[in-house]
Amino acid sequence: MKLSIIFSTFNRNEILTTTLQGLVDMETSGLDWEVILVDNAGKIETKSIAESFSSKLPLTFLVEKKPGKNNALNTALGHASGELFIFTDDDIIPDPAWAKSMIEAADRWPDCDLFGGRILPKYPEGEAAPPINDKQFMSVAYVIADWNLPEGKHFPETKTWGPNMMVRRRVFDNGLRFNPDIGPSGTNYVMGSESDFLKRARAAGYQELYVPTSLVYHQIRPEQLTHAWLYGRAFRLGRMIPYQGIRNLSKPDLKIRKWMLREIIR
């Protein structure tokens, strides 16, 4: 079963190099796979880095200059040849068994089309997370997905987060795409790209599976340990809440709802 690993990048060349080296270091014996990297900035430096890995990875390098991570991912879909698509980010380091763990889970659960795994933080050497007591917010801020749960379907909450998400090709063959109006695009964007996609996929009847043996590490950069960065992260998260709420209304409008006021106060 062929696997396509898909992700985009935007002016993060040092971190991207670490991610690509992590893919080189994976256990891939007997694996039929490809890597599709989409540059959303169109910089020559990024192309040079990709070319330096072309002899080490089955790598296809694309450029999508229309701003937005989801535009880049939608572009990649037209070039992917796998039956399984793993989506991730340009700031992860995969566990050596990452890809094989996902493929094996897909074999064990043929009725599932959406798969999520664990994401643990990799802080800069000698550093740790700021001392903020809101564990839920910190998990979202640093994209930490680590639940003490066995492999299986755990509803109603999703256990699939963007840096470690696999989708069967047939989901996209049936017309679903990533929403270009949300997700990373510049500095002031609406979070919730993968959440929006997964919500629409589940509504279409596709089932989701949590795979705890599938693991990646999220590279935390020094600037992400500052309160200023966390404030920006909270602001973008706040933009997502009313957006998703308004989209869920049967007759969308801009009235302030009680649940919105509760979220603002919280």
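The values are calculated or read from the model by the stated rules, or taken from the named source; none is laboratory data. Remember, predicted model here, so these are calculated numbers, not experimental data. Positions of Cβ are generated from backbone atoms using ideal geometry, with glycine treated the same way; all protein chains shown enter the neighbour counts. Heavy atoms of the whole protein, side chains included, go into the accessibility calculation; ligands, DNA and RNA do not. Shrake-Rupley method; radii C 1.70, N 1.55, O 1.52, S 1.80 Å.
Quick notes on this structure:
- Scanning the stretch 133-164 for residues that are closer than 25 Å to Gly183 by Cα and among the aliphatic types (A, V, I, L, M) gives Met138, Val140, Ala141, Val143, Ile144, Ala145.
- Residue match in the stretch 77-89 (condition: open to solvent by less than 10 Å² (accessible area, probe 1.4 Å), of a type in the set (Phe, Trp, Tyr), within 15 Å of the chain's Cα centre (by Cα) and within 13 Å of Ile6 (Cβ to Cβ)): yes
- Selection status of Phe115, farther than 30 Å from Ala228 by Cβ and within 20 Å of the chain's Cα centre (by Cα): yes
- Count of residues meeting criterion [in contact (Cβ under 8 Å) with a residue 12 or more places away in the chain, over 17 Å from the mean Cα position of the chain (by Cα) and open to solvent by 20 Å² or more (accessible area, probe 1.4 Å)] in the stretch 130-146: 2
- Residue match in the stretch 97-112 (condition: in contact (Cβ under 8 Å) with a residue 24 or more places away in the chain, open to solvent by less than 70 Å² (accessible area, probe 1.4 Å) and closer than 25 Å to Gln224 by Cβ): yes
- Filter pass, Glu127 being open to solvent by 70 Å² or more (accessible area, probe 1.4 Å) and part of a loop (DSSP other than H, G, I, E, B): yes
- If the condition is being open to solvent by 20 Å² or more (accessible area, probe 1.4 Å), touching a residue at least 40 places away in the same chain (Cβ under 8 Å) and among the polar types (S, T, N, Q), then the stretch 1-42 contributes Thr18, Thr28.
- Residues of the stretch 55-72 that turn out to be open to solvent by 50 Å² or more (accessible area, probe 1.4 Å), at pLDDT below 95 and not charged (D, E, K, R), as a count: 1
- Residues located in the stretch 198-236, provided they are crowded, with 19+ Cβ neighbours inside 10 Å, farther than 15 Å from Met138 by Cα and of a type in the set (A, V, I, L, M, F, W, C): Leu198, Ala201, Leu209, Val211, Leu215, Val216
- Of the strands (runs of 3 or more DSSP E) lying entirely inside the stretch 1-81, those carrying at least 2 residues that are under 18 Å from His218 (Cβ atoms) and in contact with a strand residue (DSSP E or B) (Cβ under 6 Å, 6 or more places away or on another chain) are 3-9.
- Within the stretch 114-124, the only residue that satisfies the criterion of being assigned to a loop (DSSP other than H, G, I, E, B) and open to solvent by less than 60 Å² (accessible area, probe 1.4 Å) is Pro124.
- Complete set of residues in the stretch 165-190 that are buried (at least 17 other Cβ atoms within 10 Å of the Cβ), at pLDDT 95 or above and not hydrophobic (A, V, I, L, M, F, W, C): Arg168, Arg169
- Close pairs from the stretch 158-172: first touching a residue at least 12 places away in the same chain (Cβ under 8 Å), partner β-branched (Val, Ile, Thr) and part of a helix (DSSP H, G or I), Cβ under 9 Å, at least 6 apart: Met166/Ile103
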